[in-house]
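Asks: Provided herewith is a single structure, encoded as structure tokens, for subsequent inquiry.
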Amino acid sequence: MSLRSLWGHFGDLETLFAATGAELMRRQVDAYEPIDPSLPLEERIDAYCRQRAELLEYIAPFARSSEIRAPFSRELQRNRLRYLDRARYEIRALFSDQFEGVDDTVRTHIENLLGVSTTWPTWVSLRDVLRLSVPEAVEVMKRSVSALLAEASGAGRQQAVARAAQEKAVVAPHRRAQQSRAVPAMTPREQVVVPA
């Protein structure tokens, strides 16, 4: 494609970035294969991280070329948020059982951390800065995802215990009040005399 036809089709860089981002997202959605959420947790983590690695290696040339312009481009920043939102959506769909009983604030924090751990900024650090191979980078991602999901699951259990304790504390004064009610004294007629 010539530069003239490129600029004839896209009026400015932001329009080009928007179109490129939309096309990349479309290709990712087309390539996405849902992972069975009923699989054991370790298998889901492994499948998810391998799938993310394939996707991140696929977008690597585009992501590297946009890194220079991203701080100055509203559209490239939007594209980054779209990719992060997509990762969080997949995480919610695949690991919802690990978030049972977790309050919204903790859930949001852990979902954000999982999203960042499985998207380009972390991947480029593993691959380009630490110079890890793809299998090594996948193992780091798996450890990160496993640790964050364990934290979510633990938070859910802690919050369930705290709720149960709180409910018990609310019920306990009511029971004590019932038990401390005075038993009415019996009149002589109601008293039973037991022969000696």
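The values are calculated or read from the model by the stated rules, or taken from the named source; none is laboratory data. Predicted model only: the values in this text are computed from it and were never measured. Here the Cβ positions follow ideal geometry from the backbone for every residue, glycine too, while neighbour counts run over all protein chains shown. Ligands, DNA and RNA are excluded from the accessible area calculation, which covers all protein heavy atoms including side chains. Shrake-Rupley method; radii C 1.70, N 1.55, O 1.52, S 1.80 Å.
Asks: State all residues of the stretch 72-104 that are in contact with a helix residue (DSSP H, G or I) (Cβ under 8 Å, 6 or more places away or on another chain) and more than 27 Å from residue 152 (Cβ to Cβ); if no residue qualifies, say none.
Replies: Those that are in contact with a helix residue (DSSP H, G or I) (Cβ under 8 Å, 6 or more places away or on another chain) and more than 27 Å from residue 152 (Cβ to Cβ): 73, 74, 75, 76, 77, 78, 79.
Asks: May I ask you to say which residue of 88, 52, 44, 131 is among the basic types (Lys, Arg) and not in a helix (DSSP H, G or I)?
Replies: 131
Asks: Out of 180, 96, report the one residue that is of a type in the set (Ser, Thr, Tyr), farther than 23 Å from residue 33 by Cβ and at pLDDT below 95. Write out each step before concluding.
Replies: Numbers: 96 fails: farther than 23 Å from residue 33 by Cβ.
Result of the check over 180, 96: 180.
Asks: Return the residue satisfying two criteria in turn: it lies in the stretch 90-133 and is among the charged types (D, E, K, R) and more than 9 Å from the chain's Cα centre (by Cα), and of such residues it is farthest from residue 56 (Cα to Cα).
Replies: Across the stretch 90-133, the extreme among qualifying residues is 103.
Asks: How many residues are within 16 Å of residue 122 (Cβ to Cβ) and open to solvent by 60 Å² or more (accessible area, probe 1.4 Å) if we restrict to the stretch 59-72?
Replies: 2
Asks: Across the stretch 23-50, which residue is modelled with the highest pLDDT among those that are of a type in the set (Gly, Ala, Ser) and open to solvent by 60 Å² or more (accessible area, probe 1.4 Å)?
Replies: Only one residue tops the list, namely 38.
Asks: I want to confirm something. Restricting to the stretch 98-111 and keeping residues that are exposed (fewer than 14 other Cβ atoms within 10 Å of the Cβ) and in contact (Cβ under 8 Å) with a residue 12 or more places away in the chain, which single residue is nearest to residue 143 (Cα to Cα)?
Replies: As a first pass, look at the stretch 98-111 and keep what is exposed (fewer than 14 other Cβ atoms within 10 Å of the Cβ): 100, 103-105, 108.
With the extra rule that they be in contact (Cβ under 8 Å) with a residue 12 or more places away in the chain, the set shrinks to 100, 103.
Numbers: 100: 21, 103: 24 Å.
Only one residue tops the list, namely 100.
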